[in-house]
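To start, the structure itself, in structure tokens.
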Amino acid sequence: MLRNWGTRVLLSANSLFLAQGQGGKWGPVMSSYFSWMVGGPQGSGLNVSAEILAKALSRAGYYVFGQIEYHSNIKGKHSAYRLRIQDTPAGSHVETVHLLSALDEETLVGDMYHEFPAHRGHAHEVAAGGAVLYDAEQHKFIEWIERKDILLWEMPYAELLDKALTEAGKPGQARAYRIMTNTLALGASVAVLGFDFEPVAQAIRESFGMKAGKVAQLNVTAAKYAYEYAREKFAKDMKYKLPPPPPKREQILVKGTQAVGLAKLKAGCGLQTYYPISPATDESVYLENYQSDYNLLVLQTEDEVSAIDAAVMGAHGGLRASTSTSGPGFALMPEGLGFAAITEAPGPVLLLYQRGGPSTGLPTRQEQGDLQFALHAGQGDIPRIVIAPGDIEESFYDTFDAFNYADRYQVPVIVLVDKHLASCSQTLPVFDTSKLKIDRGLIYQPGASSNGDYLRHAITENGISPRAVPGTPGGIFWTTSDEHDPRGHITEGIANRIQMMEKRMNKMNLAAREIPDDKKFRLFGPAPGRNKTPVLVVGWGSTKGAIVDALKRIDPQHQNYSFLQLRIMRPFPIAQVSEILHKAAKVISFDCNYSGQIAAVIRAETGFRVHHQVVKFDGRPFSEDEVVVALEHAVAGGAERMIVSEGKIVPPEYGVEEFAQMLELRNKRPKMSAPMVPLPPGYNK
């Protein structure tokens, strides 16, 4: 939102201001953060460039939050990568872009070559006074950008690339090396940011690993030419500036899938099974690199049924076992989940990477649509623990804990993450592993004359029977997916059925008593007291980052808002959550799905009906700005159910209207061709 105040314009959505000086020129803007975006066709290397920049900035002391949106095809479709760079921790992205680096025309004006265009590009997202770096080959599309309040800077990437190639003894080959445009765009962006080139050059060299010779140097040289060109031509006119870097400290830049993988290695996972599926596959691929170092077997199975069954058998075999999948794959796993529960396997730990559904849905887009599915999947009553970490850091610690819960309570444990957590990256303190202790649970210890006396499913006071690891003397046992007696033999007796069901399901009561409250939920802001909290925000999973960032902005003193983050969905902390809910004057829930599943879970578990449900189901995660807008709307008396998309509250008919507008826009513009995907030299050979 822009408010004209004489010679100043306040961008209230971002707490930034632009001062207009003599001659009508914009003055410099000091911001608490800088928002950068690179866009281009999938396969053009834009993600590599973004991650190189993020690494260099992180090493300089900045806090960085990276968020990528990519299409589900392998090459060609549009992708965009955002970096939020600031001097304090950040856990979400913002809608506004201060500097847009476009690798193709689609990044500027959208996919108007489609029968039904999917997006308008990103030029409209650039803040007033912000800038766009674009390739000279995209010049004819600049007139399509009907904005006079942003800077449009043309970069002769082909010419600069040819200079770098000539220096390397490869003159006249710029067309063959077009894929290096991403490196040139990186260099130009670094110059406009006002950041030093050398840390970026070092990160470029490192990104090539074993190939860090002539190829790496060629990329550094090309980036340097673009850096020098943009610094001379444009940098002085850039109005938004990086904040000063905070003092350097020990920190890491890590993705969600990496954090989960690291947790599994730390927890001593011995078997990881999977069938390839987005966005879960990246975690297993990451773990494959460390198999020999950590005595880990990563097994790619023929399907998800095999993946869950192999993990269950691995758990029975004494290994800490895990499998990772996404919604469609999890749809094939409920029978295996029941198999694990009725045979009282110590696990497995199941990482469920939620994505847009139903069916294949949106394979590489965001959604939190599997909460109810995770809670209820399978026939009959299945004891299970369901955890929903809220950010990358919690993904590490909660995944580690999941293995302890699996062993201790001998139940399957589902860790609910999602596409956003999987693919975003963030600077974090180094994970503190000093207090992480492995708990293998109750294990059978043979006595002097125990042969033949061991009962794997013995009835015990707390429902936990000692489990035997194969090879333990006297530890031979039977188990089956049919109902069974304490020895594991099949039976359909009434008394046995009752005692076995009570035994298995009472594990949930035991877990509810033993798991600490701070693992079940977190309360940010004032704790409940005699006076009601004016507004209580409730969220779960990856909504946490955007909610925390939004509340820092609108209520930095924690006077008017509290945030209840739900972390364990089963066993649900009924009494504690009920008390907090009833002491709030207004309760607003946030859900990245259509039906408001967290509000439904709260109603089912506590009987409490939240006052406002904010839902987002457009395949993208919540931004900080969307949370701010939704909270302001709800507090002002908004509807019970509010839909947010593209930074604003939208009506149910928004999709129809936007769809029609993009068709109209396509029809009135000149014909546009699909962008070409740059390929490495010699690729077709």
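The values are calculated or read from the model by the stated rules, or taken from the named source; none is laboratory data. Model, not experiment: these values are computed from the prediction. Virtual Cβ from ideal backbone geometry, glycine too; neighbours counted across all protein chains shown.
When residues of segment 329-366 are filtered for being aliphatic (A, V, I, L, M) and part of a helix (DSSP H, G or I), how many remain?
Number of matching residues: 4.
With segment 574-680 as the region, which strands (runs of 3 or more DSSP E) entirely inside it contain at least 1 residues that are surrounded by 19 or more Cβ atoms within 10 Å (Cβ to Cβ)? Steps first, please.
Values: elements: 584-591, 612-615, 641-645, 648-650.
Where strands (runs of 3 or more DSSP E) fall fully within segment 574-680 and carry at least 1 residues being surrounded by 19 or more Cβ atoms within 10 Å (Cβ to Cβ), they are 584-591, 612-615, 641-645.
So if I check each of GLY380, GLY369, which one is in a loop (DSSP other than H, G, I, E, B) and either over 24 Å from the mean Cα position of the chain (by Cα) or modelled with pLDDT under 95 (or both)?
When all the criteria are applied, what remains is GLY380.
Tell me whether segment 631-639 contains one or more residues that are touching a His at 6+ places or on another chain (Cβ under 6 Å) and either of a type outside the set (D, E, K, R) or at pLDDT 95 or above (or both).
Step one: list which residues in segment 631-639 are touching a His at 6+ places or on another chain (Cβ under 6 Å), which gives 634.
Then keep just the ones that are either of a type outside the set (D, E, K, R) or at pLDDT 95 or above (or both); that gives 634.
There is at least one residue in segment 631-639 that is touching a His at 6+ places or on another chain (Cβ under 6 Å) and either of a type outside the set (D, E, K, R) or at pLDDT 95 or above (or both).
What number of residues within segment 419-440 satisfy the criterion of being more than 19 Å from LYS519 (Cα to Cα) and outside any loop (DSSP other than H, G, I, E, B)?
Residues that pass the stated criteria total 9.
Filter segment 179-200 for residues that are surrounded by fewer than 22 Cβ atoms within 10 Å (Cβ to Cβ) and of a type outside the set (Asp, Glu) and give the result.
Selection gives ILE179, GLY194, PHE195, PHE197, PRO199.
State all residues of segment 319-344 that are surrounded by 24 or more Cβ atoms within 10 Å (Cβ to Cβ) and of a type in the set (A, V, I, L, M); if no residue qualifies, say none.
Listed by number, the residues that qualify are ALA321, MET333, ALA340.
All but one of (1) farther than 29 Å from VAL469 by Cβ; (2) modelled with pLDDT under 95 hold for GLY447, so report the exception by its number.
In the conditions (1) farther than 29 Å from VAL469 by Cβ; (2) modelled with pLDDT under 95, GLY447 misses (1) alone.
Restricting segment 511-541 to residues that are surrounded by 19 or more Cβ atoms within 10 Å (Cβ to Cβ) and farther than 19 Å from VAL610 by Cβ, which is farthest from the chain's Cα centre (by Cα)?
Once the filter is applied, the top-ranked residue is ALA511.
Pick from segment 101-142 the residues that are farther than 18 Å from LYS75 by Cα and hydroxyl-bearing (Ser, Thr, Tyr): which of them is farthest from the chain's Cα centre (by Cα)?
Going through the qualifying residues, I end up with TYR134.
Of the conditions (1) in a helix (DSSP H, G or I); (2) under 27 Å from PRO621 (Cα atoms), LYS140 clears all except one; give me its number.
(2)
Return the only residue of ALA259, ALA188 being modelled with pLDDT of 95 or more, more than 30 Å from PHE396 (Cα to Cα) and not aromatic (Phe, Trp, Tyr). It would help to see each step written out before you state the result.
Values: ALA259 fails: more than 30 Å from PHE396 (Cα to Cα).
It is ALA188.
Among (1) touching an Asp or Glu at 6+ places or on another chain (Cβ under 6 Å); (2) in the same structural domain as ALA495 (by TED's automatic domain parsing), there is one condition GLY447 misses while meeting the rest; what is its number?
(1)
Which one of ILE459, ILE414 is in the same structural domain as SER284 (by TED's automatic domain parsing), of a type in the set (A, V, I, L, M, F, W, C) and touching a helix residue (DSSP H, G or I) at 6+ places or on another chain (Cβ under 7 Å)?
ILE414
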